[in-house]
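The values are calculated or read from the model by the stated rules, or taken from the named source; none is laboratory data. All figures in this text were calculated on a predicted structure; none of them were measured in a lab. Methodologically, a virtual Cβ is constructed for each residue, glycine included, from the backbone with ideal geometry; neighbour enumeration extends over all protein chains shown.
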There are 2 protein chains.
Amino acid sequence: MTASVLVVGTGLIGTSVGLALHDRRRVLLTDSAADRLDVAVGRGAGERWDGAEPADLVLLAVPPSVVAPELRRLMERGAGRAYTHVASIQSHVQREIDATGVDTSLVCGGHPLAGRETAGPGAATAELFLGRPWVLCPSERTGAAAADAVRALATDCGAEPLELSPAEHDRTVALVSHLPQVAASAVAARLLTGPPGAADVSGPGLQDTTRVAASDPSLWVEVLLGNRGYVAPLVRELAGDLDRLAAALESGADGAVRDLLERGSRGRALVPVKRGEHDRDFTSVAVSVPDAPGQLAGLFVTAADAGVNVEDVRVEHLRGRPSGVIELVVQPGDRQRLQTALATAGFAVLRAD
Amino acid sequence: MTASVLVVGTGLIGTSVGLALHDRRRVLLTDSAADRLDVAVGRGAGERWDGAEPADLVLLAVPPSVVAPELRRLMERGAGRAYTHVASIQSHVQREIDATGVDTSLVCGGHPLAGRETAGPGAATAELFLGRPWVLCPSERTGAAAADAVRALATDCGAEPLELSPAEHDRTVALVSHLPQVAASAVAARLLTGPPGAADVSGPGLQDTTRVAASDPSLWVEVLLGNRGYVAPLVRELAGDLDRLAAALESGADGAVRDLLERGSRGRALVPVKRGEHDRDFTSVAVSVPDAPGQLAGLFVTAADAGVNVEDVRVEHLRGRPSGVIELVVQPGDRQRLQTALATAGFAVLRAD
């Protein structure tokens with residue numbers, strides 16, 4: 001028996017849920033914006049909801065301020081047997097839900113820690129939740145059936161469910177999501193005051209550090225204000241650290257400069273390694289190939305014939321050159337064999353041991 | 001005629017230069033640390049320098065504080081015909097070089113805007129500089145031959161050379177490299193004060209925003225202090241923006257919160273799109289495949305047979321599952337054809353239009 005899911009709101013998150021569930025669940029879609037819904041249906045995220053059929057689980061993928069009124073409207077018409085949402089702030093939304101007077105035993109809040117800086121159903125991907133935490137935030141009144149339904153949804157999307165109270169959730173995301181957003185926006189905003197063309201002289205550091213600054217300002221105003229009780233003190237502390245660093249730089253106090261950098265390094269070590277970063281366990285073989293159909297196929301056929309399992313692939317296009325560098329990530333024990341096989345097959349292997 | 005390059009210092013940058021030049025230049029390597037040199041030679045970055053043969057270009061890939069004394073030592077023994085370095089700060093280093101009394105017409109400073117948070121020759125890659133800016137910083141006394149040699153080196157490494165004065169360089173990198181480093185370290189340092197396990201509840205935002213906080217603190221103390229004249233005022237301004245944001249959050253002033261987020265979004269739009277991010281021009285087809293040798297080969301052969309050029313590949317491993325999701329990035333016009341070909345060949349295509 002496969003539980004059906006009604007996704008309300010076909011933006012980035014809602015459409016990605018539909019794509020992720022593609023072959024596992026019956027997915028019904030609805031949205032107040034017809035054009036968004038058309039894109040989501042067109043991309044295969046699910047079928048249009050006829051407005052009558054009740055779903056086993058209703059997922060509200062709408063901005064935090066709309067969750068409570070939408071939930072009430074849907075529950076009054078009996079749209080589902082359990083309800084969840086994906087708001088990045090939970091206490092505030094839970095209080096608004098409580099105030100509507102609905103049967104809160106059917107409601108379990110949730111928050112997938114996934115997303116990207118590009119919004120809308122066109123940016124959705126089936127892989128958005130793979131390996132990401134999906135926080136379940138049951139209230140004191142949430143029934144076991146509703147919590148179980150949300151946990152199963154998270155698992156079916158490839159995410160890793162974990163449970164926090166709404167307050168614990170909000171305290172945590174203030175630190176691990178809202179503070180990084182604020183810092184990224186503040187650093188990116190400084191670029192507007194720099195010498196013209198400065199941002200063109202950028203390395204991967206600027207690109208990564210400011211990536212989330214491209215996120216939708218309207219959504220983030222809502223999130224930051226909705227969680228300001230936790231966010232504001234953290235922003236004050238961050239500003240204080242930076243003011244102390246500036247003073248240390250002005251006076252040439254290298255101990256204080258080193259202290260912040262070392263604390264930063266220790267803090268960063270707490271962050272789980274990103275999916276796809278296999279640097280510690282894997283090695284790679286790089287090959288220069290012409291940018292033409294069939295070239296990649298030849299590489300992979302050669303690897304397969306040599307009995308080598310390619311764990312990951314990175315493609316680097318060389319601007320202005322009709323070729324690219326392909327990096328095949330493999331187990332260290334397979335490296336030499338793959339290099340030999342590729343060289344024998346006539347490929348331009350870039351690194352040799 | 002291929003100009004030879006002597007790389008002094010086989011850390012991340014020096015070894016990556018050797019790997020990048022592999023099939024284009026004669027590369028000689030030296031390092032005060034025998035173990036680093038062994039790794040670089042073992043990875044195929046070049047040959048051990050015998051200490052006698054002079055090179056057409058000497059590249060000092062050593063910490064900024066060591067550039068001037070090393071340069072003097074090498075010039076006194078006639079190690080090369082032109083000299084460059086890769087210091088992340090230029091004015092300070094140039095002043096130290098001038099003070100040594102060497103023939104500065106042979107010296108042209110340089111700085112590749114490449115790097116990663118992992119140090120040492122083991123982290124080096126032939127692709128580190130592909131498409132990245134490599135800033136040439138000639139002094140007023142630098143001769144044309146030295147500047148040309150550095151420009152050719154940058155090009156041969158796949159980088160894009162551009163020219164700035166040492167002062168312009170330092171003002172620019174304070175904004176686009178040193179400020180992001182400081183912000184990343186300060187955000188990551190806050191994680192040490194959070195609830196235990198908080199960093200496990202992290203999404204891509206935290207991972208990207210704090211990535212460079214893992215960089216070597218000792219190197220960065222030197223860089224930040226060496227450029228403190230430009231860095232300190234920027235850090236003050238960033239702290240000021242954050243203090244104003246905290247005040248706005250405390251008082252619920254949504255206009256001021258929105259203002260920072262919108263400025264951040266406009267600033268981020270100035271940052272060139274990262275290599276490999278083809279979201280605007282390309283589309284993708286996702287397929288679920290077992291994690292076994294030959295699976296990728298089948299995908300690429302099918303794509304090639306359909307006449308589709310695969311522009312990029314992303315591999316997502318599903319933790320705890322014996323399969324992965326492969327995303328093939330293609331031209332929008334090729335998408336339908338590739339989906340049909342893959343489905344016909346029996347692959348589990350995840351998205352359908």
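Worth pointing out:
- Subset of the stretch B:83-123 that is at positive phi and within 14 Å of chain A (Cβ to nearest Cβ) - its residue that is surrounded by the most Cβ atoms within 10 Å (Cβ to Cβ): B:115
- The listed residues are B:67, B:41, B:27, and the only one of them that is farther than 23 Å from residue B:155 by Cβ, free of Cβ contacts under 8 Å to residues at least 40 places away in the same chain and more than 18 Å from the chain's Cα centre (by Cα) turns out to be B:41.
- Which numbered condition residue A:160 misses (of (1) more than 7 Å from every other protein chain (Cβ to nearest Cβ); (2) in contact with a His (Cβ under 8 Å, 6 or more places away or on another chain)): (2)
- Exactly one residue among A:68, A:40 is buried (at least 19 other Cβ atoms within 10 Å of the Cβ), over 22 Å from residue A:114 (Cβ atoms) and touching a helix residue (DSSP H, G or I) at 6+ places or on another chain (Cβ under 7 Å), and that residue is A:68.
- Restricting A:214, A:269 to those that are more than 30 Å from residue A:332 (Cβ to Cβ) and modelled with pLDDT of 90 or more reduces the list to A:214.
- Subset of the stretch B:245-268 (residues that are basic (Lys, Arg) and either outside any helix (DSSP H, G or I) or surrounded by 17 or more Cβ atoms within 10 Å (Cβ to Cβ) (or both)): B:258, B:263, B:268
- Selection from the stretch B:226-264 of residues that are more than 7 Å from every other protein chain (Cβ to nearest Cβ) and touching a residue at least 60 places away in the same chain (Cβ under 8 Å): B:226, B:227, B:230
- In this structure, residue B:143 does not qualify as buried (at least 24 other Cβ atoms within 10 Å of the Cβ) and at pLDDT 95 or above.
- If the condition is being in contact with a helix residue (DSSP H, G or I) (Cβ under 9 Å, 6 or more places away or on another chain) and either outside any helix (DSSP H, G or I) or at positive phi (or both), then the stretch B:187-243 contributes B:194, B:195, B:197, B:201, B:202, B:203, B:210, B:215, B:216, B:227.
- Meets criteria (farther than 26 Å from residue A:90 by Cα and among the polar types (S, T, N, Q)) for residue A:207: yes
- The lone criterion from (1) free of Cβ contacts under 8 Å to residues at least 12 places away in the same chain; (2) assigned to a loop (DSSP other than H, G, I, E, B); (3) over 18 Å from residue B:91 (Cα atoms) left unmet by residue B:155 is number (2).
- In the stretch B:167-180, the residues that are small (Gly, Ala, Ser) reach residues that are in a helix (DSSP H, G or I) with C-beta atoms within less than 6 angstrom, at least six apart or across chains, in these pairs: B:167/B:91; B:174/B:230; B:174/B:231; B:174/B:234; B:177/A:205.
- Residue match in the stretch B:106-124 (condition: assigned to a helix (DSSP H, G or I) and either assigned by TED's automatic domain parsing to the domain that holds residue B:221 or at pLDDT 95 or above (or both)): yes
- Only one of the listed residues (B:126, B:214) is among the hydrophobic types (A, V, I, L, M, F, W, C), surrounded by 24 or more Cβ atoms within 10 Å (Cβ to Cβ) and within 11 Å of chain A (Cβ to nearest Cβ). That residue is B:126.
- Residue A:91 being in contact with a Ser or Thr (Cβ under 8 Å, 6 or more places away or on another chain) and either among the hydroxyl-bearing types (Ser, Thr, Tyr) or free of Cβ contacts under 8 Å to residues at least 24 places away in the same chain (or both): no
Rundown of residues vs (1) in contact with a helix residue (DSSP H, G or I) (Cβ under 9 Å, 6 or more places away or on another chain); (2) outside the structural domain of residue A:184 (by TED's automatic domain parsing); (3) at pLDDT 80 or above; (4) at positive phi, yes/no style:
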{"position": "A:257", "(1), (2), (3), (4)": "yes, no, yes, no"}
{"position": "A:276", "(1), (2), (3), (4)": "no, yes, no, yes"}
{"position": "A:291", "(1), (2), (3), (4)": "no, yes, no, no"}
{"position": "A:301", "(1), (2), (3), (4)": "yes, yes, yes, no"}
{"position": "A:309", "(1), (2), (3), (4)": "yes, yes, yes, no"}
{"position": "A:316", "(1), (2), (3), (4)": "no, yes, no, no"}
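- Test: residue in the stretch A:175-182 that is more than 7 Å from every other protein chain (Cβ to nearest Cβ), assigned to a helix (DSSP H, G or I) and surrounded by 23 or more Cβ atoms within 10 Å (Cβ to Cβ): yes
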